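See structure below.
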Amino acid sequence: MASVHESLYFNPMMTNGVVHANVFGIKDWVTPYKIAVLVLLNEMGRTGEGAVSLMERRRLNQLLLPLLQGPDITLSKLYKLIEESCPQLANSVQIRIKLMAEGELKDMEQFFDDLSDSFSGTEPEVHKTSVVGLFLRHMILAYSKLSFSQVFKLYTALQQYFQNGEKKTMEDADMELASREECERKMEKEELDVSIREEEVSCSGPLSQKQAEFFLSQQASLLKNDETKALTPASLQKELNNLLKFNPDFAEAHYLSYLNNLRVQDVFSSTHSLLHYFDRLILTGAESKSNGEEGYGRSLRYAALNLAALHCRFGHYQQAELALQEAIRIAQESNDHVCLQHCLSWLYVLGQKRSDSYVLLEHSVKKAVHFGLPYLASLGIQSLVQQRAFAGKTANKLMDALKDSDLLHWKHSLSELIDISIAQKTAIWRLYGRSTMALQQAQMLLSMNSLESVNAGVQQNNTESFAVALCHLAELHAEQGCFAAASEVLKHLKERFPPNSQHAQLWMLCDQKIQFDRAMNDGKYHLADSLVTGITALNSIEGVYRKAIVLQAQNQMSEAHKLLQKLLIHCQRTRNTEMVISVLLSVAELYWRSSSPTIALPVLLQALALSKEYRLQHLASETVLNLAFAQLILGIPEQALSLLHMAIEPILADGAVLDKGRAMFLVAKCQVASAASCEPLKKAEALEAAIENLNEAKNYFAKVDCKEQIRDVVYFQARLYHTLGKTQERNRCAMLFRQLHQDLPFHGVPLINLL
């Protein structure tokens with residue numbers, strides 16, 4: 001981040017014991033907390049090498065940088081941090097601060113006079129140019145510039161700081177006398193209260209330049225890589241408002257406020273903060289100082305570009321297009337090719353629904369490579385692959401293109417784009433119905449992210465690509481009937497991405513869809529109907545589709561047909577091919593449920609043509625199942641059986657457990673219908689084979705707890721056992737059917753009566 005504007009430090013002010021140095025160029029001031037850190041440094045210098053072990057000294061050195069750069073903390077917490085690193089030194093620091101605070105003003109004066117001795121001698125304790133040396137010199141210079149009244153106020157603040165620390169220490173000692181269970185409860189509550197008070201103490205006054213820069217860079221990094229470890233949106237906004245209260249022209253604080261407001265989808269506040277950021281950037285001259293008059297125009301065009309991106313994120317496409325046109329105009333006047341490339345990328349985002357958008361995207365990738373912009377070039381390739389996947393291109397060509405983009409990622413160490421590329425491969429394999437390959441790619445991404453750490457011990461696994469991979473993993477497990485594993489994945493997602501985080505909507509939709517499918521399988525249509533509202537709030541198209549499925553299951557055919565027709569028109573207009581095929585399959589099911597299988601055939605053939613054209617294997621297999629069932633209803637089971645033999649392999653290899661059960665159930669029905677005109681011996685063999693297939697189908701349905709389908713299977717088995725003269729097996733299946741039939745609600749005509 002750029003340096004904080006110097007006007008923050010020009011005017012002397014006094015707030016809650018924080019004394020500012022009234023000196024131009026001095027960008028730090030003395031506080032009671034910093035005096036305590038100076039005491040720690042002084043004691044570390046006075047302590048001999050033999051008195052402190054090598055491991056303790058190493059821990060102290062690791063502790064110093066956060067203490068020097070971070071905001072002020074309470075004395076009790078400082079004692080605790082030092083004690084964790086070196087208990088002996090913590091005791092010395094506590095005694096030294098106590099003597100200074102309970103003594104006289106001259107003790108503090110003498111302490112600062114003695115600090116200069118650290119730089120004296122042929123082998124000084126501290127080098128002047130080191131991090132610790134610079135901190136000591138800043139503190140000595142800031143203290144020497146204080147007036148007598150400011151020195152007295154500083155000493156009074158030090159006494160108050162010490163008394164607050166002693167009071168907290170006494171409270172901790174009293175808590176240790178209580179029982180262990182009560183003590184643990186009290187400590188949890190006390191730690192919560194203390195953290196709030198510490199936040200108020202540390203941020204009640206203005207931060208120094210280094211503290212402000214460290215705070216902003218740390219929070220920005222956490223928002224990007226691990227949002228759960230950043231401050232909550234309300235707490236972070238409170239800190240930023242406090243910073244801006246002392247310096248309204250603090251441009252970087254406005255930008256972090258913009259990022260914070262994006263987390264909670266606050267369009268007004270985020271727009272307000274973004275405009276203020278670029279206003280302050282121009283007014284303070286931060287750009288024009290380094291770039292002359294060119295810096296002024298640069299800020300203007302990038303302000304318009306960022307505003308276009310913001311409007312696009314919130315779905316305000318008309319406003320985004322206007323802002324983008326302004327950015328293009330200014331960039332062309334300044335001949336800024338880099339800005340124009342960014343504008344070209346956003347032009348594709350705004351116009352990606354157009355049929356000729358791929359031409360714009362290809363041009364963008366070529367230009368990005370020409371101007372040496374690997375990040376933009378890689379994003380362009382990723383978008384191109386995504387567009388080609390929706391257009392039905394073969395998987396091998398898409399994977400070759402992604403391989404080329406991966407070379408760019410590894411060459412330029414673009415780790416974030418590596419994650420996006422793997423998440424994209426996971427989504428493409430799922431789109432094409434290859435669940436095994438999708439599972440492999442998702443697990444690869446999780447393994448890679450768990451090994452890569454970023455600053456401050458933060459794991460870079462809280463990005464959008466990580467959330468997408470985990471959602472795919474949860475859905476894949478749910479499809480295979482592993483609901484316990486899917487619940488564990490969703491639980492992990494909820495911990496990684498709390499409801500107020502920006503990627504929480506991904507797992508919310510995934511969770512709602514899994515719950516909906518389970519409710520439908522279990523025959524609890526009222527529960528599924530209550531989940532539709534939540535799905536619609538997150539994805540309106542998905543919500544309307546699932547509402548139609550519920551109406552269809554409740555035998556409300558006319559209402560379901562109206563919804564599906566409206567949804568079909570909308571999806572055809574927006575070129576959502578995957579949803580178009582799903583809607584066509586539901587419409588066909590409505591027709592044969594209404595005893596009109598001949599009308600369903602053209603609809604199913606249209607769905608099959610689309611799924612073959614766009615290489616959607618999962619939907620193609622489901623369409624073949626529906627076609628076979630329609631042929632079975634029309635009285636041509638031999639053709640239905642031959643059609644099933646073509647589609648059964650991909651279903652058993654990559655299909656969901658429910659689809660596997662449906663396929664085996666349908667095979668058994670076709671076998672029985674085909675054997676009706678056979679000789680008694682061949683008919684008995686066919687019925688035995690059908691019973692084995694029904695057992696397999698029942699096992700599949702049991703995995704996903706689909707009781708309605710199990711009821712149909714055991715009824716069919718009972719009829720077959722009766723035909724074969726197996727009374728005991730027939731009675732067992734009949735009893736199971738009766739139990740399930742009494743437990744389950746009865747909606748419409750079951751499939752078994754249609755045969």
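Per-structure values
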| read-out | value |
| --- | --- |
| Matching residues in segment 640-684 - criterion: being open to solvent by 70 Å² or more (accessible area, probe 1.4 Å) and closer than 18 Å to VAL713 by Cα | ARG662 |
| Unique residue being of a type outside the set (Ser, Thr, Tyr) and in contact (Cβ under 8 Å) with a residue 60 or more places away in the chain when the list is GLU708, GLU692 | GLU708 |
| Residues being charged (D, E, K, R) and closer than 28 Å to ASN462 by Cβ - total across segment 392-403 | 1 |
| Segment 539-558, subset open to solvent by 40 Å² or more (accessible area, probe 1.4 Å) and among the polar types (S, T, N, Q), residue nearest to the chain's Cα centre (by Cα) | ASN539 |
| LYS77 vs. criteria of a type in the set (D, E, K, R), within 18 Å of VAL126 (Cβ to Cβ) and at pLDDT 80 or above | no |
| Hey, HIS311 part of a helix (DSSP H, G or I), modelled with pLDDT of 80 or more, of a type outside the set (Asp, Glu) and under 16 Å from ALA377 (Cβ atoms) or not | no |
| Residue check, LEU720 assigned to a helix (DSSP H, G or I), closer than 27 Å to ALA609 by Cβ and out of contact with any strand residue (DSSP E or B) (no Cβ under 8 Å at 6 or more places or on another chain) | no |
| Flag for LEU687 being touching a helix residue (DSSP H, G or I) at 6+ places or on another chain (Cβ under 6 Å) and open to solvent by 40 Å² or more (accessible area, probe 1.4 Å) | no |
| Filter result for the condition that a residue is at pLDDT 90 or above, buried (at least 17 other Cβ atoms within 10 Å of the Cβ), closer than 24 Å to ASN462 by Cα and not polar (S, T, N, Q), over LEU256, LEU262 | LEU256 |
| Residue in segment 558-578 that is within 21 Å of ALA628 (Cβ to Cβ) and either part of a helix (DSSP H, G or I) or hydrophobic (A, V, I, L, M, F, W, C) (or both) present | no |
| Yes/no for SER195 being at pLDDT below 80, open to solvent by 20 Å² or more (accessible area, probe 1.4 Å) and touching a strand residue (DSSP E or B) at 6+ places or on another chain (Cβ under 9 Å) | no |
| Selection within segment 617-639 - within 19 Å of ASN693 (Cα to Cα) and open to solvent by 30 Å² or more (accessible area, probe 1.4 Å) | GLU622, GLU638, GLN639 |
| Residue under evaluation GLU696, criteria (1) open to solvent by less than 20 Å² (accessible area, probe 1.4 Å); (2) within 50 Å of the chain's Cα centre (by Cα); (3) closer than 15 Å to VAL667 by Cα, criterion not met | (1) |
| Test: residue in segment 341-350 that is open to solvent by less than 10 Å² (accessible area, probe 1.4 Å), part of a helix (DSSP H, G or I) and aliphatic (A, V, I, L, M) | no |
| Matching residues, segment 265-278, being open to solvent by 40 Å² or more (accessible area, probe 1.4 Å) and of a type in the set (A, V, I, L, M) | VAL267, LEU275 |
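Residues are listed down the side, and each one gets a yes or a no for (1) of a type in the set (A, V, I, L, M, F, W, C); (2) open to solvent by 60 Å² or more (accessible area, probe 1.4 Å):
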{"residue": "ALA474", "(1), (2)": "yes, no"}
{"residue": "ALA485", "(1), (2)": "yes, no"}
{"residue": "VAL489", "(1), (2)": "yes, no"}
{"residue": "ARG496", "(1), (2)": "no, yes"}
{"residue": "PRO499", "(1), (2)": "no, yes"}
{"residue": "ALA504", "(1), (2)": "yes, no"}
{"residue": "CYS510", "(1), (2)": "yes, no"}
{"residue": "ALA537", "(1), (2)": "yes, yes"}
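The values are calculated or read from the model by the stated rules, or taken from the named source; none is laboratory data. The structure presented is a predicted model; accordingly, all values stated were derived computationally and were not measured. When we count neighbours, we look across all protein chains shown, and the Cβ atoms used for this are built from the backbone with ideal geometry, even at glycine. With ligands, DNA and RNA removed, areas are computed over all heavy atoms of the protein, side chains included. Shrake-Rupley method; radii C 1.70, N 1.55, O 1.52, S 1.80 Å.
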